[in-house]
Amino acid sequence: MLIALGHDGRRVAQLMVLAAPALVWLAWPVRSPRVHRFRIVLVWLWVMGFALDAVTRAYLLDAYQAAPDSSLVQSAAANTNRREAGEYLSMHWRATLVWCGGLLLAALVVARNARRGARAGEPPPRWAITGMCAILAIGSIAYLIKPWRRLHPVVFWADWSHSVLALRAGWADQQRERDLALSRARATRPSVAMDGPATLVLVITDSINRDNMALYGYSRATTPRLMAYKAQLKDQLLVMRNAWSADASTIPALRNMFNFGLPEDQQPQHVLALARAAGYKVWWMSNHDDVAIEQKHARLADMVDIVNRTPGRAGASLDGELLDCVQEALEDPAERKLIVVHLMGAHPHYNLRFPEGANPFDDRIDDVEEALERSGRSMWVRKFRQEYDAALLYHDFVVAETLELTRRIGRAEGYRAWMYLSDHGQEVGHWGNHAGHSPATASGYRIPTVIWRNRSPKRQPADAETRPFRADWSGWTITDLLNIRWNGDATDRNALAEGYRWQAPTLPVEVTSFED
Ligand SMILES: [Zn+2]
């Protein structure tokens, strides 16, 4: 029954066949008490291997609609250390407890049945022996077929940890890749099509769903500062109403943002390498401690400042800690600057993403709370929503402050731009009774994107705010904000250009319209 939870269709039968030989052994009478005890232990371990495998698969399927060997799960595992795993468990302990309970029950039942294995006495009837031989024969054939054998829990999980380790080792040796990216960028002869000083502050945040921002129409007052800027700056602050991420988790989202959304076999440029080759001094400052991101992106910058050195996404390092670094970089005398600010945003745990006690949405009955209650969201999800919104309120302060610094610091005559977007969205009871990253609901992809420029070299298209926008294409917009011209430049994927041609991304969820 457990196998059926974690697998489907043909797989269930395959696993039953793989598990069968040990069970046949139970029907064979044994005389010696020592052999009997040995058999109990061995059969128990054997069956529990299958049970653990099934429960893990069922859990991943239920929470993420993903198989353990999917890149989503594998890169998350390769990128997770023990501390982060603990943090994850403390957030998802309820679900984990339910599955562990099921596993414990299975352990007891299996142990009881294993002890009841046939003992000395009459040899089993002839038909039973024939049956057992048939099962053993089929089982042995299953073990001889490689694709079948690979499904055995022990083999499968050994392979799995191999590939996770290989993934991690690959990230650790990326210097060569970065050198290649730089020489590839130089080969396109990038130049800056603008005189005088230029600065772009690129604020990339994590797990922000635009549906929770008052700036985008949410009824809780989560973004008072950004709204004040919008009222003051009007058209100069471009709020992209229909912004979407094409990925529901950080690593692929950032990979696409910086690599122009192009597949690996097209040898895409990297935005940071292009900027450097065009003469920009590049900063990367981050509140994440993440091997993959550091190796694939951050180390391409001239200056790397990682504020949060508590590995993983735990710890009370608030995004506001980065503001001093932003100010310092803005004060640097370099002529051309690209300053990338990587925030933690509202990544789970939500309650670690705002200062203690700063939750005005806590235990207040408002229309959001009532609507969640009406649609049957659990108390836990409603509480997560309150914390999430409090995280957004603090986030509003940090993001607005980066805009304020960009506007205030630097040479008055210079060109200055600021872009803010999230890597992906977050589900907090919007579509289902679930809180967290969400590849299977639209909430996982609904992000904010906001752009400010002190002046624009070209006239902005009239419909720029309502054009649907894809974060995996943002490289084209970022290089435009940097005014970089290069061999390979194009405008059809740049949402700020006249020649923009929207194409809907292929997402694993059905989206009725990308314009809402
Ligand atoms: Zn993320």
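On the basis of being modelled with pLDDT of 95 or more, away from the ligand (no atom under 16 Å from the Cβ), farther than 24 Å from residue 456 by Cβ and buried (at least 17 other Cβ atoms within 10 Å of the Cβ), does residue 185 make the cut? Answer is yes for this residue. Out of the residues in the stretch 429-475 that are within 14 Å of the ligand (Cβ to nearest atom) and of a type in the set (A, V, I, L, M, F, W, C), state the one that is surrounded by the most Cβ atoms within 10 Å (Cβ to Cβ). The extreme case among them is 471.
When the stretch 336-388 is filtered for residues that are of a type in the set (Ser, Thr, Tyr) and either more than 16 Å from the ligand (Cβ to nearest atom) or free of Cβ contacts under 8 Å to residues at least 40 places away in the same chain (or both), the ones remaining, listed by number, are 375, 378. Please work out if residue 231 is within 16 Å of the ligand (Cβ to nearest atom) and either in a helix (DSSP H, G or I) or not polar (S, T, N, Q) (or both). Taking the combined requirement at face value, the residue does not satisfy it. Listed by position, the helices (runs of 4 or more DSSP H) enclosed by the stretch 124-220 that each have at least 1 residues that are in contact (Cβ under 8 Å) with a residue 12 or more places away in the chain and more than 28 Å from the chain's Cα centre (by Cα) are 126-144, 146-149, 175-187. Of all the listed residues (130, 56), the sole one being within 25 Å of residue 441 (Cβ to Cβ) and hydroxyl-bearing (Ser, Thr, Tyr) is 56. Would you check if there is a residue in the stretch 251-260 being within 22 Å of residue 74 (Cβ to Cβ) and away from the ligand (no atom under 16 Å from the Cβ)? Among the residues of the stretch 251-260, at least one is within 22 Å of residue 74 (Cβ to Cβ) and away from the ligand (no atom under 16 Å from the Cβ), which makes the answer yes. Whether a residue is within 16 Å of the ligand (Cβ to nearest atom) and not polar (S, T, N, Q) was assessed, and residue 303 does not pass this test. Residues of the stretch 22-58 that are among the small types (Gly, Ala, Ser) and free of Cβ contacts under 8 Å to residues at least 12 places away in the same chain: 32 alone.
The values are calculated or read from the model by the stated rules, or taken from the named source; none is laboratory data. In this text the structure is predicted, and so the values were computed from the model without any measurement. Cβ sites come from the backbone with ideal geometry, for glycine too, and all protein chains shown count toward neighbours.
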